[in-house]
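The values are calculated or read from the model by the stated rules, or taken from the named source; none is laboratory data. Just so it is clear, the structure is predicted and the values come from calculations on it, not from any experiment. Cβ placement follows ideal geometry from the backbone for every residue including glycine, while neighbour counts extend to all protein chains displayed. Keep in mind that these areas ignore ligands, DNA and RNA; they rest on the heavy atoms of the full protein, side chains included. Shrake-Rupley method; radii C 1.70, N 1.55, O 1.52, S 1.80 Å.
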Amino acid sequence: MGACLALCSLASCASCLCGSAPCLLCGCCPSSNNSTVTRLVFSFFLLLGTMVSVIMILPGMETQLRKIPGFCQGGTTIPGIENHVNCDVIVGYKSVYRMCFAMTCFFFLFAAIMIGVRSSKDPRAPIQNGFWFFKFLILVGITVGAFFIPDGTFHSVWFYFGVTGSFIFILIQLILLIDFAHSWNKVWVENAENSDNKCWFAGLLSFTFLHYALAFMAVVLFYVYYTQPDDCTEHKVFISLNLIFCVIISFVSILPKIQEAQPHSGLLQASLISLYTMYVTWSAMTNNPNRKCNPSLTPGTVQWWDAQGIVGLIIFLFCTLYASIRSSSNTQVNKLMQTEEGGGSGGEGVVGEDGIRRAVDNEEEGVTYSYSFFHFHLCLASLYIMMTLTNWYQPDTTTQAMQSSMPAVWVKMSSSWLGLGLYLWTLIAPLIFPDRDFN
């Protein structure tokens with residue numbers, strides 16, 4: 001009896017993975033909104049590719065592969081068997097570039113296919129919400145093909161694609177952090193008002209203070225380690241400008257006029273944006289090729305894993321997960337992210353005749369998020385992962401080495417300034433255009 005039930009369950013999962021039926025029809029899927037489940041699965045594909053890239057770039061991976069008999073060219077051999085695998089390509093920065101190229105192509109393909117989908121009744125909606133096994137095969141196929149791309153100028157050209165995509169993705173991360181802080185502040189304030197429990201206000205105050213304290217500490221450390229009395233003028237300008245900009249947005253966020261137009265705006269959002277801005281500033285300075293101004297550079301070696309890269313991965317994982325499950329009432333952010341208000345919330349699920357609770361199709365009347373924009377967001381995320389894992393180093397086609405470059409510095413700093421300007425705009429826009437709905 002148990003074996004029969006197991007086979008039935010396996011058959012249900014197989015139909016979910018291989019068939020055109022959306023995930024909501026399958027008992028093996030979680031009981032939530034279909035829109036949320038689909039985004040989580042696509043995000044899992046992205047995280048899976050990220051994990052593979054991390055493994056490929058681990059220190060010593062090439063050395064271990066060369067120990068496998070008959071595998072790597074120039075490695076341990078087996079009599080009568082020729083080593084065919086070029087391990088210089090399947091590990092290191094080249095493998096990360098190829099893996100992320102495959103993910104970028106995969107998500108860009110779906111972004112193009114899903115343009116204009118308005119509801120789950122669209123014939124293309126089952127492609128979005130089903131056929132997971134075949135989607136996985138497509139991703140694997142593109143990945144295998146990417147490893148056969150000749151070296152040539154591929155890495156140098158793809159580096160600039162990565163820089164451009166990462167610039168846009170940093171802005172999207174900032175938008176998601178603004179939305180997260182807005183929702184966080186709103187929920188805790190409402191809990192405090194409804195329950196008369198002042199601990200909620202104490203929690204908001206504590207986190208706001210913590211964010212500002214970390215941001216101020218970062219500024220002090222930047223001046224100590226990334227500047228010199230007679231050098232590093234760019235770093236001094238970067239740190240000072242972003243410090244001034246953070247003070248400005250914090251002051252503007254608590255102005256009476258701003259509070260009147262946007263009651264839920266406040267120092268929590270400004271403090272989180274300030275802390276993120278300091279992270280981007282730190283990340284930019286670690287790409288300065290001047291070793292006198294960049295203590296993280298080690299002569300003669302390429303540092304793949306450092307603190308700012310790990311922090312960047314953590315922020316990326318948080319924003320990717322949040323983008324998959326977010327449910328926001330912030331109209332401005334919803335317009336920027338191409339989502340509907342409350343569209344990402346989880347549902348109770350529907351109980352089928354077999355007693356299994358399944359996902360709800362909450363998109364029969366209209367999609368809760370733009371399918372195409374979501375895939376475009378994951379496409380940019382793939383490029384950002386590529387740049388983060390390779391520390392934004394630029395490939396040198398003549399020496400086949402990786403070097404720090406000033407373009408990466410300016411891209412990151414520009415994104416931080418544009419992000420601060422975008423946040424400032426969300427604060428003052430209701431005052432400039434009072435007839436528009438910014439609630």
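Counting only protein chain heavy atoms and rolling a 1.4 Å probe, the accessible areas of D196, D179 rank, largest first, as D196, D179. Using the Stokes-Einstein relation with a Kirkwood hydrodynamic radius computed over Cα pairs, the translational diffusion coefficient of region 183-288 at 37 °C and a viscosity of 0.692 mPa s comes to 216 µm²/s. Quarter the surface of the alpha carbon convex hull of region 115-215 and you get the mean projected area, 12.3 square nanometres. What number, in percent, do you get for the relative contact order of region 175-243 if the mean sequence gap of Cα pairs under 8 Å and at least 6 apart is divided by its residue count? That works out to 17 percent. For the listed peptides 239-249, 280-290, a ranking on the average number of other beta carbons within 10 Å per residue, highest first, reads 280-290, 239-249. When the residues E193, E365 are ordered by accessible surface, computed with a 1.4 Å probe over the protein chains alone, the sequence from largest down reads E365, E193.
Full-extension gain between F433 and F161, please, as 0.36 nm times their residue separation minus the C-alpha to C-alpha distance.
Contour length minus the Cα-Cα distance gives 94.3 nm.
Surface calculation, 1.4 Å probe, protein heavy atoms: F106 sits at approximately 0 Å² accessible. Working note: Karplus 6.51/-1.76/1.60 with θ = phi - 60° gives region 371-383 the couplings 4, 5, 5, 4, 5, 5, 4, 5, 4, 5, 4, 5, 5 Hz, where Gly and Pro are set to x.
Extension gain for W417-N290 works out to 43.5 nm (0.36 nm per residue, less the C-alpha to C-alpha distance). For the peptides 125-131, 158-164, 389-395, the ranking by mean Cβ contacts within 10 Å, running from highest to lowest, is 389-395, 125-131, 158-164.
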